[in-house]
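FYI, it's all coordinate maths here, none of it is from the lab. Just so it is clear, the model here is predicted, and its values are computed rather than measured. Please note: Cβ atoms are built from the backbone with ideal geometry, for glycine as well, and neighbour counts cover all protein chains shown.
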Amino acid sequence: MHKSIINLNLIKENLKSKIANYNKIKVIAVSKTFPIESIKPLIEYGHLDYGENKVQEAISKWTNIKSLNSNIKLHLIGKLQTNKVKLALTIFDYIHSVDNKKLAKKIANEESKQNKKIKIFLQINIGNEEQKSGINKDHLEEFYSFCKNLNLDIVGLMCIPPTEIKSEIFFKEMNLLAKKFKLLELSMGMSADYIDAAKNSATYLRIGSNIFGKRS
């Protein structure tokens with residue numbers, strides 16, 4: 001059995017042993033920078049959710065595979081530039097990084113043109129870090145209303161917590177925010193902290209190195 005499959009199963013076993021509703025959690029295999037040859041064993045095994053950071057890379061890697069397997073869900077987990085929205089909508093099923101009005105408007109316009117609905121997470125800068133994308137949690141209510149008025153399909157919230165502070169504090173806060181806005185999905189937790197995220201109601205875990213190994 002391929003190493004990535006063994007690793008994925010270990011993650012699932014770990015979740016099963018520690019999380020009551022583990023079967024409601026989806027693992028996004030973060031396949032960014034890995035060639036399709038490294039990902040194919042997981043695809044053949046039947047895993048469906050994959051994460052990419054860059055639109056161009058996703059198109060070159062996934063166009064053929066998605067045309068053959070319509071069950072595969074592709075998640076854009078990196079920052080999306082407005083000039084890449086048109087292309088992004090042709091390949092991605094989920095965008096996890098919507099954090100400004102200009103981007104939200106562009107997505108709504110492209111959805112009309114392409115007659116396609118995409119599932120969207122609003123990215124929160126939960127640690128108020130200057131170098132990170134995401135909206136300030138204090139502006140979430142206004143931004144959420146703005147996106148709903150554009151008829152965007154907001155399914156949940158996403159965050160990348162600060163690395164130097166225990167993630168769990170921020171995951172708890174994200175869980176409260178999701179409940180406040182009655183959003184069912186939470187995209188949070190990576191290789192180092194996915195159990196803490198799952199304990200705080202994460203529904204999508206973005207895991208790369210624990211599945212595919214270290215990036216070169």
Under-5 Å amide H pairs with VAL98, H placed in peptide plane, nonlocal only: PHE121, GLN123
Region 124-216: trypsin sites (Lys or Arg not before Pro) falling in loop per DSSP and having at most 12 other Cβ within 10 Å: LYS166, LYS182, LYS214, ARG215
Built amide H within the under 5 Å cut-off of LYS26, gap 5+: TYR204, LEU205
Region 3-212: C-alpha pair distances exceeding 21 Å, %: 52
Length gained when the stretch LYS179-ASN69 is fully extended (0.36 nm per residue, less Cα-Cα span): 36.2 nm
Pair GLN81, LEU150: separation of 7 Å Cα→Cβ label points (nm): 1.8
Label zone at ILE165 (point 7 Å along Cα-to-Cβ), backbone N below 20 Å, region 196-213: 196-202
The chain, helix-only ellipticity at 222 nm - DSSP H runs n ≥ 4, -39,500 (n - 2.57), divided by all residues, nearest 500: -13000 deg cm²/dmol
The chain - charge dipole about Cα centre, Lys and Arg +1 at Cβ, Asp and Glu -1, debye rounded to 20: 400
